[in-house]
Amino acid sequence: GADLQGADLSNMDLRGANFKGANLSGANLNHTSLRGANLDGANLNGVSGYRLQAYRATMRGAKVRDAKLQGMQAEYLFAQGADFSESDLTGANFAFSRFSGARLQGSNLSFSNFEIAWLPKADFQGANLHGANLQEAKLGLANLADADLTNSRIHYATFEGTYMEGCTGCPFDW
């Protein structure tokens, strides 16, 4: 893939772009549109992407560690196996997205939206999901150990087989 490490791609319209396997680590993606873009296997570690638009984008197996993606708009995102660990995703919108097997350990997901998202085997260990919307989300076999779900909306969410030791605000009636 292309080497765009540290590139300033802010305020750009990159809809449908193919960044499969690209190195975008440390890039500036603030207010950028990546709607429908292919970011499968891309390196996005340390990116800044305030209000990044990634509607219907694919990020399967992407590395997105220590990223600052506050307010990211990514409905219908395909991020199976992606690694978002230690990232700031405050207020991100991931409604209807697919995160099976994704890693989100230690990430700030406060006030994020995962409504009707598919999250089986996702790893949220130590993540902050304070005030998040998890209504109708599927979290089967996920890891919520030491996560904070205080004031999160979990109506009709499923947690079958989910590991919740040390979780604050988790539904222990599962």
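Could you list all residues from the range 88-116 that are outside any strand (DSSP E or B), among the polar types (S, T, N, Q) and open to solvent by 30 Å² or more (accessible area, probe 1.4 Å)?
The answer is THR90, SER100, GLN105.
For residues in the range 117-156 being surrounded by 23 or more Cβ atoms within 10 Å (Cβ to Cβ) and of a type in the set (Gly, Ala, Ser), which is farthest from ALA82 (Cα to Cα)?
SER152
Criterion first (open to solvent by less than 10 Å² (accessible area, probe 1.4 Å), outside any strand (DSSP E or B) and either within 20 Å of ALA27 (Cβ to Cβ) or not aromatic (Phe, Trp, Tyr) (or both)) does SER85 satisfy it?
yes
Inspect all residues belonging to the range 16-38 and state whether any of them is hydrophobic (A, V, I, L, M, F, W, C) and either open to solvent by 10 Å² or more (accessible area, probe 1.4 Å) or assigned to a strand (DSSP E or B) (or both).
Looking for residues that are hydrophobic (A, V, I, L, M, F, W, C) and either open to solvent by 10 Å² or more (accessible area, probe 1.4 Å) or assigned to a strand (DSSP E or B) (or both), one finds at least one in the range 16-38, hence yes.
So which residues in the range 64-82 are basic (Lys, Arg) and assigned to a loop (DSSP other than H, G, I, E, B)?
ARG65
List, please: which pairs have Cβ atoms under 9 Å, are six or more places apart or on different chains, and start with a residue in the range 72-93 that is touching a residue at least 60 places away in the same chain (Cβ under 8 Å) and closer than 10 Å to ALA62 by Cβ and end with one that is outside any loop (DSSP other than H, G, I, E, B) and hydrophobic (A, V, I, L, M, F, W, C)?
none
The values are calculated or read from the model by the stated rules, or taken from the named source; none is laboratory data. Please read these numbers as outputs of a predicted model, since none were measured by experiment. All Cβ positions, glycine included, derive from the backbone under ideal geometry; neighbour counts span all protein chains shown. Heavy atoms of the whole protein, side chains included, go into the accessibility calculation; ligands, DNA and RNA do not. Shrake-Rupley method; radii C 1.70, N 1.55, O 1.52, S 1.80 Å.
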